[in-house]
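J.: Before I ask anything, here is the structure I am working with.
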There are 2 protein chains.
Amino acid sequence: MDMYDLPSEMLSAKARRATDPPIAWLLRMPIEDPEIISLAAGFVDEESLPAEEVAECARELLGSDEINASLQYGTTPGFLALREEVCRMLERQGAGKSISPNDVVLTGGSQQLLHLITDALINEGDIVLVEDPTYFVYMGTLQAAGARVTGVALDEKGIIPESLEEKLRSLQRSGDISRLKLVYLMTYFQNPTGTSLAWERKQRLYEILSRYCELGKTTFVVEDAAYKELRFEGEDIPYLKSLDSENRSVVLMGSFSKSFSPGLRVGFGWVPRQLHDHVLRQKGNEDFGSSNFCQHLVHRALVTGRYSRHVEMLRLRYRKKRDLMLRRLAEHFPSDVQVIKPQGGLYVWASLPEGVNTGCDGELFKEALRIKVLYVPGEFCYCSEPGVAKPTNNLRISFGMVTEEDIAAGMARLGEAVRTVLK
Amino acid sequence: MDMYDLPSEMLSAKARRATDPPIAWLLRMPIEDPEIISLAAGFVDEESLPAEEVAECARELLGSDEINASLQYGTTPGFLALREEVCRMLERQGAGKSISPNDVVLTGGSQQLLHLITDALINEGDIVLVEDPTYFVYMGTLQAAGARVTGVALDEKGIIPESLEEKLRSLQRSGDISRLKLVYLMTYFQNPTGTSLAWERKQRLYEILSRYCELGKTTFVVEDAAYKELRFEGEDIPYLKSLDSENRSVVLMGSFSKSFSPGLRVGFGWVPRQLHDHVLRQKGNEDFGSSNFCQHLVHRALVTGRYSRHVEMLRLRYRKKRDLMLRRLAEHFPSDVQVIKPQGGLYVWASLPEGVNTGCDGELFKEALRIKVLYVPGEFCYCSEPGVAKPTNNLRISFGMVTEEDIAAGMARLGEAVRTVLK
């Protein structure tokens, strides 16, 4: 224990359970060595950030009556006009009808909403069911909350209904089903696999969950649609939320981070009424409202049409980057590497032959690092469950932040590392 | 139980303990009835909000290389250049020497930092010592965390050393002193009383605390200096933090909300090293960083000198509003109403003769509401401790948001209500 360590009994139970995010050091690496090409970061494309759009919104805002209100304290649920715009947007997208802005909350990115819901519902030992693999940052939040996280396998159409049912049956047998508080699903271009949950699967899942759990009473579903706007191709899929016509059981959350600007930190949630007040109370204690100014900027981007034009542009741009990444992968990687082609989002999930270890202590990671390219080892995205071995042969690469030049160069390097290791 | 109530056993222990903030409905009232003059809200002066300054900062930012970085994700501790500026500012103010930006964290207002520290340290039943009266929003956070909150009386020079020592001795006797995790002090123009903690008191307090507690190991002090910049008169007082030269025991927190713009939601903390990582881990789970764009705006306001010019202007402006409020109070209120004249901040604390009940269920509040003026009943600001009766004869009025016209009219109404009740 050096002078900077606190005895752990001094910490809250939550702090004792918290650990540093696994990829914090991984994200820091390219900053320390700029020659490293990082395919690891889930950041967004930098050149296409809406600088002009934000500049114009700011200029208009600063010349309007709204300016003082935007620089003053806002309210805990957030700027009403933006909540109303979110409702209209969700209605247009078919999430529901006559959505009330009173059921919507604006948060510091959608991560804060995940945290608020977790804080409102989870006691130590409560169960959260996630896709396996899933979003590793949220696994950190769940770990600190003391949740038991259990995973359900997914394939190219998303989480597998039979596996879900098996899991629920096993929770029922062990008497633990009443402790299942949350089912966390990324339904569009999931992080890390890029898969979306098919419509017939959504219906099956909802039906299965309704059979095993008291949805909206003991168990809530979180539909995280952070990447929904970034669809490059294929037909849109209705929200899972559209099955919850009474706003009882599904928290639908979205974000303007991926589709506009993460630096503004504006996320949103349409929250079941019986959960809404509890989420707001937590938010009142946490920060009593996110940046009002940023909410006004996003509102203006929405009502002026700048937002939707920006999203159109982003779709083309990311599509091009995805295509480039996949082309280079086909070119440089051995043919037995399997890839799910994502129809949107920021990620490509690649599976190497079984037996290859993509982890930080494995050959591949070391070789990749030696030739200065980074990826996220797939094992970070799997749940840790007693008696269940995590697959070790996957990796997540992102075409989000990296430039086209770096995609080309990075994929060549990564392909070389894979070939070296597979030799 | 209506359809929107969740059975409480479904909630986390934290959510079960959380309640709606006592003054939420009080703040909503003037929105619903615009004829009401609210002296209750602790918001800032609206006309003087830095619209021009933010516009210029935004314009410069949007024309610079920095723009893309500001719209991208930031880091969990926040924009490094702003953390460095905060260090320089704190050094100039005498808080410490060679302050490292690695020990500074930027948060969504200082409220978020209060929440993070509480989350990192407090388990149910842990003790937090506060000034009595204190900042009621933080009492809500502490209540949700399950803390036992105990108060120490204050007078015009801040918290009373003898009362503190007595409280510590009593905790020692009951064997509870090891559970004293936090001592929360607002050292400048405290909310609600407007008093500052005198320098000799700071020294005595620090010495007493060092004698009874293992500072920096079992117990931390939070020095909340949110109102420090708003000094109208009198000599500046060194920070309590300046006594903690090794950055071991005192969290110094500040905010750009009161001195610049609350709508940007940028607060900061200089956090003891052994606590810093734990706070960052909580923040990583909560939102992995506050609005990067707002941090860039505040940074630019600081380095261009716009911030300090704005603060100069604010001091004059609030001083004028305070003077007006006190003048009207002397004019309209009975002479046995006692007032602490604040040398800064946003609040006036008035004490009516004992026996008068300023609470929401009392005569005065009802009469005031009838003639459409609002204040914060003092009882909201006192700790609830078993066996200790809260004083009921105080009220907090703020000259922050209200215009000069409304100060004049509001104080006349409030004086009338007081005279009616005292008749």
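J.: Rounded to whole Å, give me the distance from the Cα center of the range B:332-372 to that of the range A:373-394.
T.: 62 Å
J.: Roughly how compact is the range A:324-387, stated as its Cα Rg over 2.2 N^0.38 Å to two decimals? If you can, show how the numbers build up before the last one.
T.: Working: Rg = 13.0 Å, N = 64, 2.2 N^0.38 = 10.7 Å.
Against the compact-globule rule of thumb, the ratio is 1.22.
J.: Once the label point is set 7 Å along the Cα-to-beta-carbon vector, what list of distances in nm do you get between A:N357 and its counterparts in the other copies?
T.: Computed spacing set for this position: 7.2 nm.
J.: Turning to a different aspect of this structure: Within the set of other residues whose C-beta is less than 14 Å from the C-beta of A:S178, count the net charge using Lys and Arg as +1 and Asp and Glu as -1.
T.: Computed value for this residue: +1.
J.: Among B:S259, A:S178, which comes first, second and so on when ranked by fewest other beta-carbon atoms within 10 Å?
T.: In increasing order of surrounding Cβ atoms, one gets A:S178, B:S259.
J.: Only Lys, Arg, Asp and Glu count, each charged at its Cβ (+1, +1, -1, -1), so figure out the dipole size of the range B:33-143 about its Cα centre, rounded to 20 debye.
T.: Rounded to the nearest 20 debye, it is 560 debye.
J.: Taking the Cβ of A:G216 as the centre, find all other residues whose Cβ is under 10 Å away and add up their charges (Lys, Arg: +1; Asp, Glu: -1).
T.: 0
J.: Projecting each Cα onto the charge dipole of the range B:70-229 (Lys/Arg +1, Asp/Glu -1 at the beta carbon, about the Cα centre), which of B:N102, B:L116, B:Y227 comes out farthest on the positive side?
T.: B:N102
J.: Still on this structure, I have one more. Which residue, chosen from B:M313, B:S255, A:W349, occupies the Cα position most advanced towards the positive end of the dipole of the protein assembly as shown, where the dipole is computed from +1 (Lys, Arg) and -1 (Asp, Glu) charges on Cβ about the Cα centre?
T.: Sorting the options by dipole projection puts first A:W349.
J.: Hey, another quick one. What are the semi-axes of the equivalent ellipsoid for the range B:127-198, taken as the square roots of 5 times the Cα gyration tensor eigenvalues, largest first, in whole Å?
T.: Values for the range B:127-198, descending: 20, 16, 7 Å.
J.: Follow-up question, since we're still on this one. For an R0 of 45 angstrom, estimate the FRET efficiency from the Cβ-Cβ distance between B:R370 and A:A389 and round to the nearest 0.05.
T.: According to the calculation, E is roughly 0.05.
J.: Using +1 on the beta carbon of Lys and Arg, -1 on that of Asp and Glu, and nothing else charged, what's the dipole of the protein assembly as shown about the Cα centre, debye to 20?
T.: Rounded to the nearest 20 debye, it is 340 debye.
J.: In addition: Determine, for A:I371, A:I31, A:I23, A:I407, the number of other Cβ atoms within 10 Å of each Cβ, and report the residues in order from fewest to most.
T.: With the fewest neighbours first, A:I371, A:I31, A:I23, A:I407 line up as A:I31, A:I371, A:I23, A:I407.
J.: Quick check: net charge around B:G94, other residues with Cβ under 11 Å of its Cβ, Lys/Arg +1 and Asp/Glu -1?
T.: With Lys, Arg at +1 and Asp, Glu at -1, the net is +1.
J.: Next question. For A:Q203, place a label point 7 Å out from Cα along the Cα→Cβ vector, do the same in each other copy, and report the separations in nm, one decimal, smallest first.
T.: Those separations, rounded to one decimal, come out as 7.9 nm.
J.: What distance in nm lies between label points placed 7 Å from Cα along the C-beta direction at B:S335 and B:R16?
T.: About 5.6 nm, to one decimal.
J.: Find every distance from the label point of A:R169 to the corresponding label point in the other copies (7 Å from Cα along Cα→Cβ) and write them in nm, one decimal, shortest first.
T.: The answer, with the shortest distance listed first, is 7.0 nm.
J.: Given labels modelled 7 Å from the Cα in the Cβ direction, how far is it in nm from A:S210 to A:R309?
T.: 4.3 nm
J.: Follow-up question, since we're still on this one. Alpha carbon centre of the range B:154-169 versus the range B:220-261: separation in Å?
T.: With the range B:154-169 and the range B:220-261 each reduced to a Cα centre, they are spaced 19 Å.
J.: State to the nearest 20 debye the size of the charge dipole of chain B about its Cα centre, where the only charges are +1 on K and R beta carbons and -1 on D and E beta carbons.
T.: 680 debye
J.: What lysines does A:K157 reach when the alpha-carbon gap must be under 30 Å and sequence neighbours fewer than 8 apart in one chain are set aside?
T.: A:K97, A:K167, A:K181, A:K202, A:K217, A:K228, A:K241, A:K258, A:K320, A:K321, A:K341, A:K390
J.: Further, regarding this structure: What are the lysines whose alpha-carbon lies under 16 Å from the alpha-carbon of B:K423, with same-chain residues fewer than 8 places away excluded?
T.: B:K366
J.: Residue by residue, what Karplus-based ³J(HN,Hα) values in Hz, rounded to whole numbers, does the range A:324-336 have, using 6.51, -1.76 and 1.60 with θ = phi - 60° and x for Gly and Pro?
T.: Per residue, the Karplus-derived 3J(HN,Hα) values read 4, 4, 5, 4, 5, 5, 4, 6, 9, 9, x, 6, 8 Hz.
J.: Please compute the volume of the convex hull spanned by the alpha-carbon atoms of the protein assembly as shown and report it per residue in Å³.
T.: 162 Å³
J.: Contact order normalised by length for chain B, with contacts defined as Cα pairs under 8 Å and 6 or more residues apart; what percent is it?
T.: Answer for chain B is 23 percent.
J.: Here's something else I'd like to know. With a 10 Å Cβ neighbour count serving as the proxy for reagent exposure, in which order, fewest first, do A:S210, B:S255, B:S335, B:S290 appear?
T.: In order of increasing Cβ crowding within 10 Å: B:S335, A:S210, B:S255, B:S290.
J.: Here is a further query. Send over the per residue convex hull volume for the range B:51-304, Cα only, as a whole number of Å³.
T.: Taking the convex hull of the Cα positions in the range B:51-304, it is 117 Å³ per residue.
J.: To the nearest Å, what is the center-to-center distance of the range A:133-149 and the range A:282-310, using C-alpha atoms only?
T.: Distance between centres, Cα-based: 27 Å.
All of the numbers you see were taken from the coordinates with simple rules; none came from a lab. Just so it is clear, the structure is predicted and the values come from calculations on it, not from any experiment. Virtual Cβ from ideal backbone geometry, glycine too; neighbours counted across all protein chains shown.
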